[in-house]
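Here's the structure, in structure tokens; my notes come after.
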Amino acid sequence: MALGLKNSIVPCTPKGIISILQRYDRELFGKHTVVVGKSNIVGKPLANLIMEKTHSTITICHKETKNLQEFTKQADVLIVAAGVPNLITEDMVKPGSIVIDVGITRIEDQTKKSGFRLVGDVDFENVKKNVSLITPVPGGVGPLTVASLISNTLEAFTNQNQRLIEETTQKSQKAIP
Ligand code: NAD
């Protein structure tokens with residue numbers, strides 16, 4: 001994946017995030033992307049994919065980063081995958097930037113039937129006033145992760161069963177009078 005080789009399966013959450021970015025600004029030429037979080041399932045593969053698929057400059061922050069705000073305020077694209085509710089507040093984002101919230105945390109909420117609600121890492125209500133694009137939680141990155149999982153499953157099956165697919169296609173074409 002890091003080398004951008006064909007037939008390599010891209011981890012689902014980073015794949016979904018890249019699809020959002022590419023819909024809005026395919027190349028991110030000269031932009032600064034800041035990723036908060038460096039886990040194996042989100043931060044690391046995501047940083048690799050951004051390097052591979054875009055022309056933006058990348059900074060990776062994590063829990064030992066001193067003065068996180070200094071970095072996040074420089075971000076044209078800010079992607080947060082820390083698992084810390086309200087980590088990113090209004091004063092930490094650049095006006096007009098794109099903010100992708102990956103975080104999902106269950107917090108207690110007795111007004112809900114389930115007794116909890118899901119929140120992201122970004123103070124959505126306040127940050128949204130200042131940015132050009134922001135993904136909500138729930139309903140943002142999560143559904144795209146699911147969509148990527150389905151597309152990866154099909155891709156993996158296709159990679160492994162090319163001959164079977166060709167034979168089946170030929171048979172079904174022959175069956176058409
Ligand atoms: P993780 O715990 O493995 O990694 C968290 C990363 O965030 C670490 O690199 C850590 O250094 C960094 N971090 C923690 N606290 C920080 C702080 N205060 N400041 C800066 N950096 C900090 O978690 P993960 O598996 O990468 O998941 C992160 C979040 O994303 C979780 O809330 C998880 O539920 C969510 N998630 C969502 C999806 C989705 O589809 N939306 C998929 C995967 C994970």
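The values are calculated or read from the model by the stated rules, or taken from the named source; none is laboratory data. Only a predicted model underlies this, so the values are computations on that prediction, with no experimental measurement involved. So basically every Cβ, Gly included, is an ideal-geometry build from the backbone, and we count neighbours across all protein chains shown. The area values use the complete protein model at the heavy-atom level, side chains included, leaving out ligands, DNA and RNA. Shrake-Rupley method; radii C 1.70, N 1.55, O 1.52, S 1.80 Å.
Take S114 and decide whether it is free of Cβ contacts under 8 Å to residues at least 60 places away in the same chain, more than 16 Å from the ligand (Cβ to nearest atom), out of contact with any Phe, Trp or Tyr (no Cβ under 9 Å at 6 or more places or on another chain) and under 20 Å from G43 (Cα atoms).
On the way: free of Cβ contacts under 8 Å to residues at least 60 places away in the same chain: yes; more than 16 Å from the ligand (Cβ to nearest atom): yes; out of contact with any Phe, Trp or Tyr (no Cβ under 9 Å at 6 or more places or on another chain): yes; under 20 Å from G43 (Cα atoms): no.
No, not satisfied.
Can you name every residue in region 154-171 that is surrounded by 12 or more Cβ atoms within 10 Å (Cβ to Cβ) and either part of a helix (DSSP H, G or I) or in contact with a helix residue (DSSP H, G or I) (Cβ under 7 Å, 6 or more places away or on another chain) (or both)?
Here is the first cut: in region 154-171, the residues surrounded by 12 or more Cβ atoms within 10 Å (Cβ to Cβ) are 155-159, 161, 165.
Answer for region 154-171, where residues must be surrounded by 12 or more Cβ atoms within 10 Å (Cβ to Cβ) and either part of a helix (DSSP H, G or I) or in contact with a helix residue (DSSP H, G or I) (Cβ under 7 Å, 6 or more places away or on another chain) (or both): E155, A156, F157, T158, N159, I165.
Checking P177 against (1) modelled with pLDDT under 95; (2) in a helix (DSSP H, G or I), which test does it fail?
Here P177 clears every test but (2).
So that you can scan it fast, the table gives a plain yes or no per residue for (1) acidic (D, E); (2) not in a helix (DSSP H, G or I):
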| position | (1), (2) |
| --- | --- |
| R106 | no, yes |
| K112 | no, yes |
| E125 | yes, no |
| N130 | no, yes |
| V137 | no, yes |
| Q173 | no, no |
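Cβ-Cβ under 6 Å, sequence separation 6+ or interchain: first residue in region 12-26 and free of Cβ contacts under 8 Å to residues at least 60 places away in the same chain, partner open to solvent by less than 20 Å² (accessible area, probe 1.4 Å) and assigned to a helix (DSSP H, G or I). Which pairs?
Matching pairs, first to second residue: P14/P45; P14/L46; P14/L49; I18/L49.
Which of the residues that make up region 104-142 are open to solvent by 70 Å² or more (accessible area, probe 1.4 Å) and under 14 Å from the mean Cα position of the chain (by Cα)?
Step one: filter region 104-142 for residues open to solvent by 70 Å² or more (accessible area, probe 1.4 Å), giving 104, 106, 108, 110-114, 117, 125, 128-129, 132, 138.
I104, P138, listed by residue number.
Quick one: would you say N152 is within 14 Å of the ligand (Cβ to nearest atom) and on the phi > 0 side of the Ramachandran plot? Don't jump to the end; show me each part of the working.
Values: within 14 Å of the ligand (Cβ to nearest atom): yes; on the phi > 0 side of the Ramachandran plot: no.
No.
Scan region 91-103 for residues that are buried (at least 22 other Cβ atoms within 10 Å of the Cβ) and under 15 Å from V77 (Cα atoms) and jot them down.
Answer for region 91-103, where residues must be buried (at least 22 other Cβ atoms within 10 Å of the Cβ) and under 15 Å from V77 (Cα atoms): V93, S97, I98, V99, I100, D101, V102.
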